[in-house]
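What follows is a set of notes on a single structure, which appears directly below.
Values quoted throughout were computed directly from the atomic coordinates according to the rules given, and no laboratory measurement underlies them. Please read these numbers as outputs of a predicted model, since none were measured by experiment. Every residue, glycine as well, gets a Cβ built from its backbone with ideal geometry; the counts of neighbours run over all protein chains shown.
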Number of protein chains: 2
Amino acid sequence: MAFKAQVLYDFTAEPGNVELTVKEGETITVTNANIGGGWIEAQNSRGETGLVPEDYIEYSNQFSGTAGTAAPPANVGNAAVPDLSFFDEFAPTSTSAPKQASNGNDPWSVWNSDPSRSSNNNWAPNAEGNQTGRNAAEPWSSGTHSHPQAYQGPDIYPYLIDHTGAEDDEWDDEWDEMKSTSGYSEPGEGGAIQRGGTHASSMKISLNKFPGFSKSGPELFLLCKQAAKGKEKISIYLGEVGPVWFYPEAQLDCIVADPKKGSKMYGLKSYIEYQITPNTTNRPVNHRYKHFDWLYERLLDKFGSAIPIPSLPDKQVTGRFEEEFIKMRMERLQGWMTRMCRHPVVSSSEVFQLFLSYKDEKDWKTGKRKAEKDETVGVMIFTTIEAEAPDLDLAEVEQKCEQFSRFTKAMDDGVKEILTVGNEHWKRCTGPLPKEYQRIGKAFQNLSSVFTSSGYQGEATLTDAMTAAGKTYEEIAQIVAEQPKKDLHFLMETNNEYKGLLGCFPDTIGVHKAAIDKVKEADKLVNTNKITAQDKVTMAKRASTMSYALQAEMNHFHSNRIYDYNRVMQQYLEEQVKFYETIAAKLRHAHSQFTTM
Amino acid sequence: MAFKAQVLYDFTAEPGNVELTVKEGETITVTNANIGGGWIEAQNSRGETGLVPEDYIEYSNQFSGTAGTAAPPANVGNAAVPDLSFFDEFAPTSTSAPKQASNGNDPWSVWNSDPSRSSNNNWAPNAEGNQTGRNAAEPWSSGTHSHPQAYQGPDIYPYLIDHTGAEDDEWDDEWDEMKSTSGYSEPGEGGAIQRGGTHASSMKISLNKFPGFSKSGPELFLLCKQAAKGKEKISIYLGEVGPVWFYPEAQLDCIVADPKKGSKMYGLKSYIEYQITPNTTNRPVNHRYKHFDWLYERLLDKFGSAIPIPSLPDKQVTGRFEEEFIKMRMERLQGWMTRMCRHPVVSSSEVFQLFLSYKDEKDWKTGKRKAEKDETVGVMIFTTIEAEAPDLDLAEVEQKCEQFSRFTKAMDDGVKEILTVGNEHWKRCTGPLPKEYQRIGKAFQNLSSVFTSSGYQGEATLTDAMTAAGKTYEEIAQIVAEQPKKDLHFLMETNNEYKGLLGCFPDTIGVHKAAIDKVKEADKLVNTNKITAQDKVTMAKRASTMSYALQAEMNHFHSNRIYDYNRVMQQYLEEQVKFYETIAAKLRHAHSQFTTM
């Protein structure tokens, strides 16, 4: 059956492909809605037929049974939502607008300027990063407020600069679906179109769940009428270093390996599938990048208010099927997964366990649907947190919050300094420096070959040694050029990862700051009978819980940080020692070839 | 007594000095001609009195007894000069004009284009470098034909760039005289004024000795009527490698050391005096730079046609009294003296022996006068050469000459390549590279100090180690910056010295090429009765002698070259090994400060 459809965005067909170029506003006829992989076959008014991404169109009158972009599920829970109309004066009017605190400003400025000022301009930045932020690399200065990129792009790693590849490759990967999944019309089923600038799907879910106001404010939790309904419970203990998460006895771990290129739609679309093997089941599961992305969205939705969930490695790096790129992405997915596995709260969550150890396709699909309907998201995650510790007073909560803010900002600066310096060093080590060693090597060899032409007796002992010395410098050039991959790479990767992680803190800390501000307003609200005196006590108690969560998270961060930097520094220095020793040995050998005098 | 004098060149007094500013053409009154140090006291028409360089003036009517610039000694030998009027058609018309072959052209082109072409445009380049060439750094392309600089100037050694100093310091050094010497009015008494662009004095000597035509052509030797009058005799033997100079059993050597700053004219003028101790007498003699320069001029005059006499280290480097400059000049004077000592012909010459081992002031003065009157200069040096070997035919002479030309040109290119590459490497090692290591070190330390502020327990083990690692990179920065002085320096100095030496070869080889051309013309000259058949035989025989001299010199060059490059390459590699080993050891220590995991 054929439907009329409106084209929502311009789409330009790949040359030599079966695609159809369409323009925004154009009316087309869908001739086959069952192509799959996010594509439909359509015919334009000139009678040309070809494939068009289904999300680029809107059906004019009715839905096809298998392909549609509207109609969110009506299943929206609202039992837990308190009446928060008295906060309306502070609430953003547009549900999808960037948060005010970070709209064009450095989000750190919330903390670093005057912490005692009115809260009106400090309306809580949302910890959930409703915008997936793939295009926002610098959260401290960007106007769009979102979780930052863990990967700064080709500028950081010059060795990736040369790898060119069509942007469309990337987009293709995001677009096609697993054949067995018929539910690609479900909202939130990953696969947001990157090309054409459409937004990610996670926003829809959040808005659908709490229609009519932003769910971003911590007041949702501070004043909610009930505790968590389910069995979910996140415990915090007082450890040696202060509040800590409950850590499972066995540390979850997984291996991301064996990237395989798959293709579908008769080879038209291709993708990379990774094998993930957790140490719990030791049974590999397969996931494509889009599934990681789906997991990321779920974790961000669920834990983002309490736990910084670092972005996935950037999708936009070019050359997707180039060997080195795949290796790099796998390495970064491994790093991301390792970090998630190491987190006691994240790793024990149902959605994370599902991702790592689903039994079969049906299990996966069922689990996915369940995860997407999870209501304990956003600030509501705090309803599941139980701290076995006395309540903190507001001053202490505030002081901790500010301390963490200062530290993470300072570390962010420190990490960026290392990245900047490291990037320059990388460029020098792979660019001008080896070129120079090569030229030194060539110069020695050239002079040696001039000497050979002298016709003078007994020249060979010198010229052989000089040629060897020249070749040694050419080898050194090679060693120098390859060294960054052996040491600087890990230093950069680790710091890049931390840059991404630190970029999440302004949001996470912002939720707390907003909560503190709300608690500060409690007296006024009680006086104007907006809330009861008991509500005020509840708010303070819940802010204390939030603070314990933040402290536990900071202690988790510190512990990991010490481990990570110990490891990466040792690794770096070890490789540096090897580097200098290798060169010294080579030069010693070159030296030995000269006659003693 | 007071004399009227004409000012020959503009002279601008140093501010705050007792000098007098005078203009070219101005008439002044010499109020005291006995000031010494190359200065006279004079009064201008406005009644102002001050010191003026005596070479800047010309006495209007009569000479002062102690100061004068005209009146060359009449003592000019001409018994040995043949009638060469038939060569007039080839002779340059201006006695001081640059040789045609190199006037604006690459002198190598004489050889590298078409060796069989007419000799008319190949008129012999003069081997004696009548112009001292202090301002002509590039003999291969410069219009002024002269011996090149052994030192390219501050561009080569970036670490000298920063040493600023008044140019006048340099000039002062050249100007002032030893107090005890009254003979500074003699022509050829060194001390050419560098400031104001006046020419050096050596030209005068040459022209005075053979007035009326250039002595530059080899025909002077090819057709001279007599053998050497004196006891001078330079022997060439056939050694294993071919024709070689006669080498003395004990190798002459000397140490240039102990630079002392002296001053005269009540502190107005100051200079540096070096102590030179030859291994023959083991008795130190003192010489200032200007005496070295005098020696250079004598050696160039006497041997330049047969032996490349490298220029002295450049005078124009700034910062004369700056410690590093003095050290550098001394090192280069040592290098120059060592090279001269090593040369069997130069080292056994009377003038060189005088310089190294004059007994007292009187001995030095007498020896100087004698040396300045030496007539066995220019191509006439060949009259003293005796080769114990059969005469060579012209084809062989020509072939050898061309071979040497090709080799020296190729080596000149090779040496310049090393200098260019080395200079860039020097800049990188002393500039951006240590800055980068410093920034890496700072970045580690900064991050470490952020960590210290975390308030987290057990931070110190990591932060202490990270700070130490950061400091290690700062130390590495220092090591990197200082390394070029330890290794690259000697590589550069040696190649610089060879660049200077190689720059003399076009002149030396040019004399031979010109001689070959003359011999080729012999038939025509016999046919037109310009010369006798016997003259032709003599010419060929003498060209053979010249060729033996060139071959002996090339073999001397090769032997030295192999020795020098063996030594410098070993030294360079040895220091490079130490460099890399030192850094490796430092990093190993830094690594050990991290906790094992």
* Taking the axis about which chain A rotates onto chain B, which residue of A lies nearest it as judged by Cβ position, and how many whole Å separate them? -> A:Tyr580, 2
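Over region A:3-59, what is the relative contact order in percent, taking alpha-carbon pairs closer than 8 angstrom and at least six residues apart?
Numbers: 123 pairs, mean separation 21.4, N = 57.
Taking the mean separation of contacting Cα pairs over the length of region A:3-59, I get 38 percent.
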* Structure fact -> Diffing region B:471-486: the Karplus 3J(HN,Hα) column from phi (6.51, -1.76, 1.60, θ = phi - 60°), in whole Hz with x for Gly and Pro, holds 5, 4, 5, 5, 5, 4, 4, 5, 4, 4, 5, 8, 4, x, 5, 8
* To do: Run the dipole for region B:3-59 about the Cα centre, Lys and Arg Cβ at +1, Asp and Glu Cβ at -1, nothing else charged, and hand back the magnitude in debye, nearest 20.
  => 200
* Using a label position 7 Å from Cα in the Cα→Cβ direction, what is the ascending list of nm distances from A:Thr12 to the same site in the other copies? -> 6.4
* To do: Report the extension gain between B:Lys373 and B:Asp464 in nm, rounded to one decimal, defined as 0.36 nm multiplied by the number of residues separating them, less their alpha carbon distance.
  => 25.2 nm
* **Built amide H within the under 5 Å cut-off of B:Gly262, gap 5+** => B:Tyr271, B:Ile272, B:Glu273
* Quick one: what are the phi-derived ³J(HN,Hα) couplings along region A:580-585, Karplus 6.51/-1.76/1.60 with θ = phi - 60°, whole Hz, x for glycine and proline? => 5, 5, 4, 5, 4, 5
* Structure fact -> Residues whose built amide H sits under 5 Å from the amide H of B:Leu8, excluding neighbours closer than 5 in sequence, are B:Gly25, B:Ile57, B:Glu58
* Convert each backbone phi in region A:494-504 into a coupling constant with the Karplus relation 6.51 cos²θ - 1.76 cosθ + 1.60 (shift: θ = phi - 60°), then list the ³J(HN,Hα) values in order as whole Hz, x for Gly and Pro. => 4, 5, 4, 4, 5, 4, x, 5, 5, x, 7
* Structure fact -> Relative contact order as a percentage, region B:287-442, C-alpha pairs under 8 Å and 6+ apart, gives 24
* Beta carbons within 10 angstrom, averaged per residue: use that to sort the peptides A:539-552, B:327-340, highest first. => A:539-552, B:327-340
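When Lys and Arg each count +1 and Asp and Glu each count -1, what net charge do the other residues less than 13 Å away from A:Arg561, Cβ to Cβ, add up to? Could you put the intermediate results ahead of the total?
Details: positive: A:Arg339, A:Arg342, A:Lys499, A:Arg567; negative: A:Asp412, A:Glu497, A:Glu553, A:Asp564, B:Glu459.
Taking every Cβ under 13 Å from that of A:Arg561, the sum is -1.
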* Separation of the B:Asp360 and B:Ser235 label points, Cα + 7 Å toward Cβ, nm -> 3.6
* **13 Å cut-off, amide nitrogen to a point 7 angstrom out along A:Val18 Cα→Cβ, residues in region A:268-299** => A:268-269
* Asked: Given label points at 7 Å from Cα along Cα→Cβ, what nm distances, shortest first, separate B:Lys370 from the same residue in every other copy?
  -> 11.4
* Within a 10 angstrom radius of each residue's Cβ in B:563-572, how many Cβ atoms of other chains show up on average? Whole number is fine. => 5
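Ranked from highest to lowest mean number of other Cβ atoms within 10 Å per residue, what is the order of the peptides A:433-443, B:272-282? Walk me through the numbers before you get to the answer.
Values: A:433-443: 20.9, B:272-282: 16.5.
So the order, starting with the most tightly packed, is A:433-443, B:272-282.
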* To do: Report the charge-dipole magnitude of region B:349-392 in Debye, nearest 20, computed about the Cα centre from +1 at each Lys and Arg Cβ and -1 at each Asp and Glu Cβ.
  => 420
* Structure fact -> If amide H atoms are modeled at 1.01 Å from N in the peptide plane, then the residues at a separation of 5 or more from A:Ser305, or on another chain, having amide H under 5 Å from its own are A:Gly378
* Linear extension gain, A:Ala395 paired with A:Ser263, 0.36 nm per residue minus alpha-carbon span -> 41.7 nm
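Can you give the mean number of other chain Cβ atoms that lie within 10 Å of the Cβ atoms in peptide B:585-595?
Numbers: counts 4, 4, 10, 7, 2, 6, 9, 2, 3, 8, 3.
Mean shielding by partner chains, rounded to a whole number: 5.
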* Asked: Between B:Glu48 and A:Glu331, what is the spin-label point distance in nm, taking each point 7 Å from the Cα along the Cα→C-beta axis?
  -> 7.4
* Structure fact -> Once both label points are put 7 Å beyond Cα along the C-beta direction, the A:Glu386-B:Ile479 separation in nm becomes 5.8
* Relative intensity, log₁₀ I(q)/I(0), of region A:3-59 from a Debye sum that treats every alpha carbon as a point, q = 0.16 Å⁻¹ -> -0.37
* Calculated label separations, A:Thr461, copies of the chain, 7 Å along the beta-carbon direction, nm -> 5.7
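Determine, from the Cβ-Cβ distance of A:Lys4 and B:Ser453 and an R0 of 41 Å, the FRET efficiency 1/(1 + (r/R0)^6), rounded to the nearest 0.05.
Working: r = 64 Å, r/R0 = 1.56.
Plugging the Cβ-Cβ distance into 1/(1 + (r/R0)^6) gives 0.05.
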* Shielding by partners for A:414-426, please: the mean number of other protein chain Cβ atoms within 10 Å of each residue's Cβ. => 4
* **Gyration tensor verdict on region B:472-529 (Cα atoms; rounded if a/c is under 1.5, prolate if a/b is larger than b/c, oblate otherwise)** => prolate
